[in-house]
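For reference, the structure is listed below as structure tokens.
The values are calculated or read from the model by the stated rules, or taken from the named source; none is laboratory data. This is a predicted model, so every value here is computed, not measured. Don't worry about glycine lacking a Cβ; one is built from the backbone with ideal geometry, like all the others, and counts go over all protein chains shown. For the accessible areas, the whole protein counts, side chains as well, though only heavy atoms, and no ligand, DNA or RNA atoms are used. Shrake-Rupley method; radii C 1.70, N 1.55, O 1.52, S 1.80 Å.
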Amino acid sequence: MSTIENIEELPLHLRGNWAPLTEERTITDLKVTGTIPAELDGRYVRNGANPVTGFSDHPFLGDGMIHGIRLRGGTAEWYRNRYVQTPFISTPERPVIDLNDSLTDMAASKANTNVVGHAGQILALEEGHFPYVLDGNLDTVGPTDYDGKLKGSFTAHPKLCPVNGELVGFGYSLFAPYLTYLRVSATGELVQSEKITVGGPTMMHDFNMTQNHVIFMDLPAVFDMDMAMRGEMPIHWSDDYPARLGVMPRNGNDASVVWYDINPCYVFHPMNAYEDGTKIILDVARLDHVWRDSAMDFPEPALYRWTIDTASGRVSEEQIDDLPAEFPRVPDSRVGLKHRFGYMMANAAASAFEDPLSANGAILKYDLETGARTSVDVGSGRLPGESSFVPKDGAVNEDDGYLMTYVYDANTDTSEFAIFDAATMSNEPVATVQLPRVPFGFHGNWVPSAVAD
Ligand SMILES: [Fe+2]
């Protein structure tokens, strides 16, 4: 086992700006450049893997640490980083991949993938277990099973409906039933739980919601029980497992799912999905495959559009751009509805993370109406994370808003919280907040105080 002392031998996901932090901090004396818009009242929170022991076998297996900024009245009141207090923090020697323990104990989450606000709660999410509830200071309240109604895992990528406030998601499992559809009401009650028949246990990282439907992505990243028994990341690519999209009404059930075959591929993250008559449009960050050659086999993703024609039963696939990009997002107000604009992180390839000094990070903006791609260039030796879009007060156009993210600066080995103008995509931020180093992570969201405080 590696230790933090022989750092050259550590895998990439534990070196450089992937290296875990060793302390939790609260900083209230924050240096701000520019002007934080006074209308922003809430928290920007982002999750990531920060192994408490300093070591993890895979980038996806570290302990969840939330990095948050509290904005109110034009000021940055605090920055905090906090572990999600899962059982692995108090018992770090507990094995992560263990079929008789952490893979079946739904409270044994790493809680490291996403963090969302819904129904008065901030939820830290990881797809194999229960959600963890956090308070407004990012301290852990504990896991939730929705009053005993949640029997299995809960995805890290639920979709929050901007029309009726529902949080729709799913859970997947190594054991039958492999897939369960989950629907949580606007008031935080788990109101629907449906077993969905699929061909086997696959890693279903994300899914899609439209105004009336959900679309499951049943793709050839399959569980391998032997790998799990050996304590390895238990997923690999299968040339035999068919790639399919499953369309179901949001209040539907197993019998109402219509499955559509697609070309083999993997999608970690869709940008958005919406309905257009009898068609369903899905914009996704598509990879040719995943985990075929090794547990670190991640080909470069790029933006594609799938169009499901529910009348003809056909799915068409179109590559929108060949520029490598990931972490696609639309404004929260457009989730499930027709979007014109989408935002991505440019070049999430390992080489950029390997040598951030040589990187030139950028936030991309796609205009799906005109086909134009513009970007915010965050500068030499600097890399942004996933961006969250927050609308301006009185926004008229879909892109009247701000893009928020943490930016790592390899020149100084520090980070900043940055707010950019999504309409102009100016390289000059609206505001930045200077921070100590914030390690690279996964997903973040703006949680307005009106949603959870
Ligand atoms: Fe994700």
Is it the case that segment 397-414 has a residue that's surrounded by 16 or more Cβ atoms within 10 Å (Cβ to Cβ), within 16 Å of the ligand (Cβ to nearest atom) and polar (S, T, N, Q)? yes
What strands (runs of 3 or more DSSP E), lying completely within segment 230-270, carry at least 1 residues that are in contact (Cβ under 8 Å) with a residue 60 or more places away in the chain, open to solvent by less than 10 Å² (accessible area, probe 1.4 Å) and away from the ligand (no atom under 16 Å from the Cβ)? 244-249
Failed criterion for V315 (all others in (1) in contact with a Phe, Trp or Tyr (Cβ under 8 Å, 6 or more places away or on another chain); (2) within 25 Å of A372 (Cβ to Cβ) hold): (2)
Identify the residue in segment 111-124 that is of a type outside the set (A, V, I, L, M, F, W, C) and away from the ligand (no atom under 13 Å from the Cβ) and, among all such residues, is surrounded by the fewest Cβ atoms within 10 Å (Cβ to Cβ). G120
Given the criterion of a type in the set (V, I, T), open to solvent by less than 30 Å² (accessible area, probe 1.4 Å) and within 16 Å of the ligand (Cβ to nearest atom), identify the matching residue among T202, T307, T210. T202
Scan segment 355-376 for residues that are closer than 18 Å to F389 by Cβ, surrounded by fewer than 21 Cβ atoms within 10 Å (Cβ to Cβ) and touching a residue at least 24 places away in the same chain (Cβ under 8 Å) and jot them down. D367, L368, E369, R373, T374, S375
State the number of residues belonging to segment 60-80 that are touching a Pro at 6+ places or on another chain (Cβ under 9 Å) and open to solvent by 20 Å² or more (accessible area, probe 1.4 Å). 2
For A285, all conditions in the list (1) away from the ligand (no atom under 16 Å from the Cβ); (2) of a type in the set (G, A, S); (3) open to solvent by less than 50 Å² (accessible area, probe 1.4 Å) hold save one; what is the number of the exception? (1)
Spans of strands (runs of 3 or more DSSP E) in segment 127-191 with at least 1 residues open to solvent by less than 60 Å² (accessible area, probe 1.4 Å) and among the charged types (D, E, K, R): 179-184
It is to be established whether one or more residues within segment 386-399 are more than 22 Å from A423 (Cα to Cα) and under 17 Å from the mean Cα position of the chain (by Cα). no
Condition broken by P37, with the remaining ones in (1) farther than 25 Å from A410 by Cβ; (2) in contact with a His (Cβ under 7 Å, 6 or more places away or on another chain) satisfied: (2)
Being within 16 Å of the ligand (Cβ to nearest atom) and of a type in the set (K, R): is that true of K159 here? yes
